[in-house]
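Undergrad: My questions will all concern the structure given below.
The values are calculated or read from the model by the stated rules, or taken from the named source; none is laboratory data. Just so it is clear, the model here is predicted, and its values are computed rather than measured. Counting neighbours? That spans all protein chains shown, and the Cβs are built from the backbone with ideal geometry, glycine included. SASA here: full protein model, heavy atoms, side chains in, ligands and nucleic acids out. Shrake-Rupley method; radii C 1.70, N 1.55, O 1.52, S 1.80 Å.
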Amino acid sequence: PHAWRVRGTRGLASSPAARARVDPTASVHPRARLASDAALGPFCVVSAGAVVGPGCRLGAGVHLLGDVELGAGCVLRSHAVVGAESDDAASAQSDDGVGRTRAKRRTVVGADCVLGPHSVVGAGSMIGAGSVLGAFAFFAPGAVAGARIRLGPGACVGPESNLGADVVMHAHAAVKHCDVGDGAVLHQHASAGDDGFGFFVDENEATRVQCVKKKPQTLRVNVGARCEIGAGSRVDRGSWRDTVLGSNTKLDNLVHVGHNARIGANVLLCGGVAIGGSAEVGDFVAMGGKSAARDHVSICAGARIAAKAGVTRDILKPGDYAGFPAVPAARWRRDVARRNATE
């Protein structure tokens with residue numbers, strides 16, 4: 001819980017004159033506190049209330065905005081921004097669940113972190129020690145991450161997100177409204193927490209004109225510890241319950257998990273698998289490439305679904321299933337052999 005705390009305050013200077021290695025073009029507020037061995041490059045901006053720990057290195061054009069705390073040994077590459085406010089004023093405030101707005105938190109970057117060029121860390125967020133953010137990575141206001149996370153170039157940690165320790169997000173992966181467990185991996189262009197596909201037909205009482213309207217998608221995604229989400233895969237946020245991936249579950253490339261779905265632990269979903277909204281998949285299920293499960297069906301633990309099979313009703317017994325609609329694999333093979341014999 002204290003992974004993001006700054007390593008003490010010894011060696012912090014209280015006046016700009018006492019600060020060593022500050023470029024003449026840098027702008028440092030008199031109330032900012034810098035360690036005596038910190039180094040600030042050209043055109044840096046350090047606001048009042050900022051704390052820069054021992055051994056920190058700030059490249060050209062780095063901005064520390066508002067109440068920012070950098071742990072010892074942090075390296076911020078050129079034009080990184082820490083403490084940026086959200087464009088949406090409402091999202092910059094946090095709610096306690098009963099309508100009361102809490103005070104904004106301090107922005108904290110733990111010890112020995114590296115922030116790449118043009119990366120952005122939002123106001124009130126917390127990043128654990130030893131983390132690395134690639135170039136143009138984005139960490140939303142109020143988001144929280146444990147120690148040693150890795151964000152690739154252009155990766156995005158969106159609003160209302162919590163990342164555990166040792167999470168890896170490769171280039172352009174994105175999460176929002178999402179809890180990600182320790183050691184989870186998201187490959188390039190994977191996403192979790194976007195709106196699910198939920199619509200209804202509404203009719204205007206006055207004009208009798210029908211139109212398609214969107215159902216609210218306001219809940220979350222829970223990604224378990226050591227999960228892996230392949231390139232281009234997507235997990236939608238819930239509408240009436242959270243979407244869940246159990247611990248140690250693995251998604252291949254281009255897998256889609258619909259809103260409200262519940263995927264158990266140690267599940268294997270091969271490339272192109274589609275899980276319909278509100279479906280339930282038990283522990284240790286394996287689904288072959290391009291297989292699918294319709295919405296609201298349940299697949300029991302230990303079932304194995306062959307490639308291109310379509311699950312249209314509940315599977316209640318462990319075993320192998322194939323075909324469309326999916327049936328026990330032995331029955332499917334007999335049916336195929338019978339059809340071939342009559343042709």
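Undergrad: Against the conditions (1) out of contact with any His (no Cβ under 8 Å at 6 or more places or on another chain); (2) at pLDDT 95 or above, where does Arg33 fall short? Just the number, please.
TA: Condition not satisfied by Arg33: (2).
Undergrad: Could you list all residues from the stretch 144-173 that are under 17 Å from Gly116 (Cα atoms) and either part of a strand (DSSP E or B) or at pLDDT below 95 (or both)?
TA: Once the filter is applied, which keeps residues that are under 17 Å from Gly116 (Cα atoms) and either part of a strand (DSSP E or B) or at pLDDT below 95 (or both), the stretch 144-173 yields Ala145, Arg150, Leu151, Cys156, Val157, Val168, Met169.
Undergrad: Have a look at Val201, Val221, Val257 and point out the one that is β-branched (Val, Ile, Thr) and modelled with pLDDT under 95.
TA: Of the residues listed, the single one that is β-branched (Val, Ile, Thr) and modelled with pLDDT under 95 is Val201.
Undergrad: Right, something else. Any residue in the stretch 210-229 that's farther than 25 Å from Phe199 by Cβ and in contact (Cβ under 8 Å) with a residue 24 or more places away in the chain: show its pairings with residues that are surrounded by 18 or more Cβ atoms within 10 Å (Cβ to Cβ) and among the basic types (Lys, Arg) at Cβ separation under 8 Å, as long as the two are six or more apart or on different chains.
TA: Sorted first by the residue in the stretch 210-229, then by its partner, the pairs are Cys227/Lys250; Glu228/Lys250.
Undergrad: Right, another one. Pull up the stretch 244-255, narrow it to residues that are among the β-branched types (Val, Ile, Thr) and either within 13 Å of Ser191 (Cα to Cα) or free of Cβ contacts under 8 Å to residues at least 24 places away in the same chain (or both), then point me to the one that is least open to solvent (accessible area, probe 1.4 Å).
TA: Out of the qualifying residues, it is Val255.
Undergrad: Pairs, please: C-beta under 6 Å, at least 6 apart or cross-chain, first residue open to solvent by less than 30 Å² (accessible area, probe 1.4 Å) and in the stretch 285-308, second among the acidic types (Asp, Glu) and modelled with pLDDT of 95 or more?
TA: Note: pairs meeting the criteria are Val297/Asp314.
Undergrad: For the stretch 199-243, name all the residues that are buried (at least 16 other Cβ atoms within 10 Å of the Cβ), farther than 12 Å from Leu186 by Cα and acidic (Asp, Glu).
TA: Asp236, Asp242
Undergrad: For residues in the stretch 104-116 being open to solvent by 10 Å² or more (accessible area, probe 1.4 Å) and over 21 Å from Glu85 (Cβ atoms), which is nearest to the chain's Cα centre (by Cα)?
TA: Among residues in the stretch 104-116 that are open to solvent by 10 Å² or more (accessible area, probe 1.4 Å) and over 21 Å from Glu85 (Cβ atoms), the one nearest to the chain's Cα centre (by Cα) is Val114.
Undergrad: Across the stretch 119-143, what is the number of residues that are open to solvent by less than 30 Å² (accessible area, probe 1.4 Å), part of a strand (DSSP E or B) and either more than 15 Å from Gly71 (Cβ to Cβ) or out of contact with any Phe, Trp or Tyr (no Cβ under 9 Å at 6 or more places or on another chain) (or both)?
TA: 2
Undergrad: For residues that are among the hydrophobic types (A, V, I, L, M, F, W, C), surrounded by 20 or more Cβ atoms within 10 Å (Cβ to Cβ) and either within 14 Å of Ile305 (Cβ to Cβ) or in contact (Cβ under 8 Å) with a residue 40 or more places away in the chain (or both), tally how many sit in the stretch 256-269.
TA: So the answer is 3.
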